[in-house]
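Data block below; observations after.
The values are calculated or read from the model by the stated rules, or taken from the named source; none is laboratory data. Note that the structure is predicted; figures quoted are calculated from it, not measured. What goes into the accessible areas is simple: the full protein's heavy atoms, side chains included, and nothing from ligands, DNA or RNA. Shrake-Rupley method; radii C 1.70, N 1.55, O 1.52, S 1.80 Å.
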Amino acid sequence: MDINIDYIPTAKQAMYHASTADELLYGGAAGGGKSRATVMEAFIDGMENPGVDTYLFRETMPELRDTLIKEANENIPRELGRYIGSIHDYKLSSGSTLHFRYCRNMKDAFTYQGTEMNRLFIDELTKFTKDRYDFLSTRV
């Protein structure tokens, strides 16, 4: 699918988007575009693969709102999707959904026990414990 968007990735973001790895770590200083690249990767994947359920995590709801949700609302063209704030989902015109979620502890992680995730993105993975990461990974 040819997606016409105004997003022009930096060289590092382009390397991230070009990766075919099953798991990928993208590090760097604050303000380097990691959150934007994460949202755009999830968005483009969702447009190219109709019906995909992608989960994007941060540790807290305020972090999620101020980074990933903000990036989605600023960068995903309105004609290609809409954000539903009451459930923190971005419904794409392809039928895919970006689910914006937080996970502060194992109790939060266990709320996803029955969830089937097609894709998993964790922004600021260094703030997640190994147990939380391992558990969320089992849902993919």
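Brief remarks on what is shown
- Residue-averaged [θ]222 nm for the chain, counting only DSSP H segments that reach four residues, each worth -39500 (n - 2.57): -8500 deg cm²/dmol
- By DSSP, the beta bridges lying fully in region 29-140 are antiparallel in about 40 percent of cases.
- Ligands, DNA and RNA are left out, and with a 1.4 angstrom probe the accessible area of region 46-85 is 47 Å² per residue.
- Options (1) 15.3; (2) 15.7; (3) 17.4 - which one matches Kirkwood radius over Cα pairs in Å as calculated here: (1)
- Expressed as a whole percent, the accessible surface of region 63-107 that belongs to carbon and sulfur atoms is 48, based on a 1.4 Å probe.
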